[in-house]
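Single-structure report; data block below.
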Amino acid sequence: MPKHYRPAGKKKEGNAARYMTRSQALKHLQVNLNLFRRLCIVKGIFPREPKKKVKGNHHTYYHVKDIAFLMHEPLLEKFREIKTYQKKVKKAKAKKNEELARLLLTRQPTYKLDRLIRERYPTFIDALRDLDDCLTMVHLFAVLPASDRENLEVKRVHNCRRLTHEWQAYISRCHALRKVFVSVKGIYYQAELEGQKITWLTPHAIQQVFTNDVDFGVLLTFLEFYETLLAFTNFKLYHSLNVKYPPILDSRLEALAADLYALSRYIDASSRGIAVEPKVDASSSSQSNDREESELRLAQLQHQLPSSEPGALMHLVADNNKEVEEDEETRLCKSLFKDLKFFLSREVPRESLLFVLPAFGGMVSWEGEGAPFKEDDESITHHIIDKPSAGHQYLSREYVQPQWIYDCVNARIILPTEKYLVGSIPPPHLSPFVDNEAEGYVPDYAETIKRLQAAARNEVLPLPGVGKEDLEDPQNLLYAGVMSRAEEAEAAKNKKKMAAQEKQYHEELKIELTGSKADVAPVVAEGEESVPDAMQIAQENADMPTLLMSRKKRKLYEAMKIGQKKKKAGVELIEQRKKKLNDAQSS
């Protein structure tokens with residue numbers, strides 16, 4: 001009898017009992033593949049990788065407990081009810097009974113994902129941790145065109161755009177933006193809320209094209225869940241500032257693509273007062289009811305929305321009466337562009353700058369209708385322009401490229417504008433998400449920014465080619481004006497005393513080592529090997545931990561060493577290319 005023989009009907013054990021394939025899960029739940037994928041996405045269930053795949057490597061495996069979790073989901077019955085109802089509509093259309101089909105469509109059952117949001121994210125911190133993919137997905141669909149072929153409706157695109165603007169308005173108001181990086185894929189942003197770092201990607205403002213190698217059915221299912229999640233998050237954030245959600249935007253400014261500024265226009269209207277008409281009887285039209293409901297919501301918001309200066313997009317949500325504790329990073333971001341007024345030309349990325357500049361305390365306007373101030377305003381300090389213009393130029397302002405804004409944000413200082421003037425080639429746009437020290441290569445412009453930051457903090461850094469030991473020399477500090485002559489004399493005396501003590505210590509250590517070798521030398525016989533030198537002993541001591549490692553850890557350690565060698569080779573290649581480029585420019 002084989003060792004692993006199991007009689008027929010006996011209970012399964014091991015991986016065969018803990019996992020099941022996707023085909024087995026479909027039969028167990030009695031659903032098709034599309035509905036199964038939809039349930040897994042909204043419930044957060046993903047495939048597993050068992051140690052032993054009992055059905056073969058070409059199958060997808062799920063945990064049995066996850067499938068049992070799906071089996072008792074109330075949403076499963078709702079989906080079955082909707083599918084049955086759609087058959088009734090299809091049957092009515094087949095019989096050419098348009099009136100019945102229209103009536104059935106108005107009564108079609110619906111569902112909500114609110115319960116699943118509370119189920120998957122018990123606390124608000126859990127929702128913030130899982131917000132990266134959500135924001136990236138919603139920002140992507142906010143710029144996509146509506147398509148009947150992909151079942152992407154105009155209403156859904158507008159909803160995504162509204163959610164993204166509400167999120168950006170809150171981030172700008174709370175000055176929670178920390179990093180910005182413009183890449184080929186799009187613009188990366190990173191914000192910090194309640195100790196959680198949230199990073200998302202927004203596409204460039206160009207025409208997007210649908211591709212055939214993307215399954216938009218799966219993406220739309222993710223989008224359906226992410227829309228609900230982001231709406232819950234915005235609701236919580238706005239209510240933390242004592243602002244009613246959702247905010248009301250001006251339809252005229254929305255048509256002018258000035259959604260971020262639309263709410264500030266309503267702040268101006270609140271100072272004039274809006275009379276709310278009394279409710280009419282039930283015989284009035286639905287459009288009149290919707291208009292009165294909007295006016296009523298606006299009247300309720302009037303006492304919460306404060307008056308703000310023109311162009312201050314950071315006041316898109318109301319100030320809270322109680323003081324909010326701000327950390328040092330928030331205070332620094334809030335005052336970076338303080339007392340600076342920016343004007344955006346029409347060719348720059350307007351939506352991105354309208355989001356970034358108010359988040360760091362700047363006042364901004366643009367070219368077009370609905371702008372808070374015009375181009376001829378004498379108080380404008382910086383004009384953001386991307387290409388030379390033949391129009392009138394003002395001597396009271398500086399004309400810089402948009403990259404200057406992003407570099408100042410990442411450096412947390414106001415950088416000199418000489419390298420960012422219109423028509424000149426700007427310096428390299430460095431990513432704030434890369435640790436140059438860990439990578440082993442620090443670009444030249446990163447060193448320049450580091451010195452500018454040190455100068456802003458009144459710190460002293462060694463010049464290029466000068467080590468830290470030269471900076472610690474009291475004589476050099478005296479020449480640099482950092483310390484007085486009395487302090488220089490005291491520091492020189494202490495340095496000389498420390499040097500004498502260090503020299504004495506090295507001499508005693510040398511005598512001790514010489515004496516130990518003299519004692520050992522006579523013991524060695526003529527036929528025996530000599531005592532190994534210090535270098536050999538150090539090498540053996542360095543190899544000892546590797547010999548004591550297990551095979552798995554030793555392989556991992558060797559892979560790490562190979563990765564370090566590749567990184568070092570990459571740095572050397574960059575240095576060689578940089579040297580060749582400098583030689584070509586000098587010749």
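Table for the structure above
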| quantity | calculated |
| --- | --- |
| Region 9-55 - accessible surface per residue (Å², probe 1.4 Å) | 67 Å² |
| Heavy atoms of I41: accessible area, 1.4 Å probe, square angstrom to 10 | 20 Å² |
| Those lysines that a straight Cα-Cα span of less than 19 Å connects to K155, excepting residues fewer than 8 apart in one chain | K112 |
| Ratio of the Cα radius of gyration of region 388-431 to 2.2 N^0.38 Å, where N counts its residues | 1.23 |
| Region 158-233: chymotrypsin sites (Phe, Trp or Tyr not before Pro) in DSSP coil with no more than 16 other Cβ atoms inside 10 Å | F210 |
| Listed peptides 430-437, 201-208 by packing density, highest first (mean Cβ within 10 Å) | 201-208, 430-437 |
| Mean projected area in nm² (Cα convex hull; one quarter of hull surface) for region 45-113 | 7.1 nm² |
| Whole-number accessible area per residue in Å² for region 135-243, which is evaluated in the context of all protein chains at 1.4 Å | 45 Å² |
| Contact order normalised by residue count of region 155-248, Cα under 8 Å, 6+ apart, percent | 20 percent |
| With all protein chains modelled, accessible area of K387 [1.4 Å, Å²] | 120 Å² |
| For region 359-456, Kirkwood radius (reciprocal of mean inverse C-alpha pair distance, Å) | 15.4 Å |
| Heavy atoms of K555: accessible area, 1.4 Å probe, square angstrom to 10 | 120 Å² |
| Accessible carbon and sulfur surface of region 177-220 relative to its total accessible area, %, 1.4 Å | 56 percent |
| Distant alpha-carbon pairs in region 18-74 (separation over 12 angstrom), percent | 64 percent |
| Qualifying lysines (Cα of each under 19 Å from Cα of K552; at least 8 residues distant if same chain) | K51, K561 |
| Unsatisfied cross-links (Cα-Cα over 24 Å) in the set K387/K419; K179/K566; K27/K53; K65/K553 | K179/K566; K65/K553 |
| Convex hull per residue volume in Å³, alpha carbons only, for region 1-138 | 197 Å³ |
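The values are calculated or read from the model by the stated rules, or taken from the named source; none is laboratory data. Owing to the predicted nature of the structure, the values given are computational and were not obtained by experimental measurement. Methodologically, a virtual Cβ is constructed for each residue, glycine included, from the backbone with ideal geometry; neighbour enumeration extends over all protein chains shown. Surface accessibility is based on the protein's heavy atoms, side chains included, excluding ligands, DNA and RNA. Shrake-Rupley method; radii C 1.70, N 1.55, O 1.52, S 1.80 Å.
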